[in-house]
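Only one structure is covered here, and it is reproduced in the block below.
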Amino acid sequence: MKQKVAIIGSGNIGTDLMIKILKGSDWLEMAAMVGIDPESDGLKRARSLGVAVTHEGLEGLRALPTYDEIAIVMDATSAYAHREHHPVLVADGKQVIDLTPAAIGPFVVPPVNLDENSGASALNMVTCGGQATIPMVHAVRRAVDRLVYAEIVASVSSRSAGPGTRANIDEFTQTTARAIEQVGGAERGKAIIVLNPAEPPMLMRDTVFTLSHGGSEEAIRDSIAAMVEEVKGYVPGYRLKQQVQFERIGDNAPVNIPGIGAVSGLKTSIFIEVEGNGDYFPSYAGNLDIMTSAAKATAEAWARAQGKGKAA
């Protein structure tokens, strides 16, 4: 039997996530779409596709007759709203998957640390930039002795940045930087987001810079290539834009890492492009697509781990 899912947030991210689940999942069944605007496209689409809807927010969801049957609630609202939703949902016994940068519950990046967190009652999907870049940070970390620093720059089309994304810019940078350290394994992390107004809209581009000790260039390159294939398993449009680049930082010209000091070592530069699947967003919105794809993969893994029935 599939696990029933509700999505809170009928904006771009919630709607794309709904469509991904409806297109096919062996483990998930779309049960309810929740919003606050009865005229939102997400609620209209959900209604037309036979999904139960409410425009009365969390309380409207809890009032639905099928609420007790819903096992997983995925929150695609905002960091502020999720801080109010989280304690209620956990108290109601729901498995919570948070797509906002509220940073409640362990950070999860599926190919890096999903298995070790599958038993947590609430999982946080970091940010779109985190989902795209932390696999690369981790790929470097597992191939070296010490990962001193990692910095990511996520460049996305301004068209793909809705009001929720724009309202959460500070949370994006702070949450992503923390996850670079906690999940990626860097001693210090930094995150930058760029909203690019170019026309036609650009695909998501991510640049990852790391500074490390130990390990060979070949080992790092091989680890990155293997990680790209893992991410492509659930985000087909994820790819290296160009070859990984290396630069030796000598003791005679070290770089200063705040909180650490002068450091030499191997600088690795990784260039990623993410093309969306086009389920609801245009293909240029890879930043949103990787977030919803990661959330779906996480929900499916949780459902499998419960052992509550095999795929229908």
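Summary of computed values
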| read-out | value |
| --- | --- |
| Single residue of Gly215, Gly184 found to be at positive phi and either at pLDDT 95 or above or open to solvent by 10 Å² or more (accessible area, probe 1.4 Å) (or both) | Gly215 |
| Members of segment 58-78 found to be closer than 24 Å to Leu288 by Cβ, among the β-branched types (Val, Ile, Thr) and assigned to a loop (DSSP other than H, G, I, E, B), listed by number | Thr77 |
| Scope segment 11-57; condition under 17 Å from Lys296 (Cβ atoms) and assigned to a loop (DSSP other than H, G, I, E, B); matching residues | Gly11, Gly24, Ser25, Asp26, Trp27, Leu49, Val51 |
| Residue within segment 275-296 that is polar (S, T, N, Q), at pLDDT 95 or above and in a helix (DSSP H, G or I) present | yes |
| Scope segment 273-286; condition out of contact with any helix residue (DSSP H, G or I) (no Cβ under 6 Å at 6 or more places or on another chain) and open to solvent by less than 60 Å² (accessible area, probe 1.4 Å); matching residues | Glu273, Gly278, Ser283, Tyr284, Gly286 |
| Matching residues, segment 155-181, being of a type outside the set (A, V, I, L, M) and open to solvent by 50 Å² or more (accessible area, probe 1.4 Å) | Arg159, Pro163, Arg166, Asp170, Gln174, Arg178, Glu181 |
| Strands (runs of 3 or more DSSP E) within segment 158-264 that include 3 or more residues within 24 Å of Asn113 (Cα to Cα) | 188-196, 204-213, 238-240 |
| Selection count where residues are open to solvent by 60 Å² or more (accessible area, probe 1.4 Å) and touching a Pro at 6+ places or on another chain (Cβ under 7 Å), scope segment 218-238 | 1 |
| From the options Asp68, Asp75, residue that is charged (D, E, K, R), open to solvent by less than 10 Å² (accessible area, probe 1.4 Å) and modelled with pLDDT of 95 or more | Asp75 |
| Any pair with Cβ under 8 angstrom, 6 or more apart, that starts in segment 250-270 at a residue that is exposed (fewer than 13 other Cβ atoms within 10 Å of the Cβ) and ends at one that is part of a loop (DSSP other than H, G, I, E, B) | Gly250/Ser264; Asp251/Ser264; Ala253/Ser264; Ala262/Pro254 |
| Any hit, segment 190-199, residues being within 15 Å of Leu266 (Cα to Cα) and either in contact with a strand residue (DSSP E or B) (Cβ under 9 Å, 6 or more places away or on another chain) or open to solvent by 40 Å² or more (accessible area, probe 1.4 Å) (or both) | no |
| Residue in segment 144-152 that is under 15 Å from the mean Cα position of the chain (by Cα), surrounded by 20 or more Cβ atoms within 10 Å (Cβ to Cβ), at pLDDT 95 or above and not in a strand (DSSP E or B) present | no |
| Every residue from segment 6-32 that is closer than 21 Å to Ala305 by Cα and among the charged types (D, E, K, R) | Lys20, Asp26, Glu29 |
| Residue, nearest to Ile224 (Cα to Cα), within segment 126-143, restricted to residues that are among the small types (Gly, Ala, Ser) and open to solvent by less than 10 Å² (accessible area, probe 1.4 Å) | Ala139 |
| First in segment 39-67 and more than 16 Å from Lys4 (Cβ to Cβ), second anywhere and surrounded by fewer than 18 Cβ atoms within 10 Å (Cβ to Cβ) and of a type outside the set (A, V, I, L, M), Cβ under 7 Å, 6 or more apart | Leu43/His55; His55/Asp37; His55/Pro38 |
| Residue in segment 106-125 that is in contact (Cβ under 8 Å) with a residue 60 or more places away in the chain, surrounded by 24 or more Cβ atoms within 10 Å (Cβ to Cβ) and among the small types (Gly, Ala, Ser) present | no |
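Table: residues versus (1) closer than 28 Å to Thr77 by Cα; (2) out of contact with any helix residue (DSSP H, G or I) (no Cβ under 7 Å at 6 or more places or on another chain).
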site: Glu199; (1), (2): yes, yes
site: Ala225; (1), (2): no, yes
site: Asp251; (1), (2): no, yes
site: Pro254; (1), (2): no, yes
site: Pro258; (1), (2): no, yes
site: Ala295; (1), (2): yes, no
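The values are calculated or read from the model by the stated rules, or taken from the named source; none is laboratory data. Here the structure is a predicted model, which means the values were calculated and not measured. Methodologically, a virtual Cβ is constructed for each residue, glycine included, from the backbone with ideal geometry; neighbour enumeration extends over all protein chains shown. Each accessible area value is taken on the protein alone, full model and side chains, heavy atoms only, with ligands, DNA and RNA left out. Shrake-Rupley method; radii C 1.70, N 1.55, O 1.52, S 1.80 Å.
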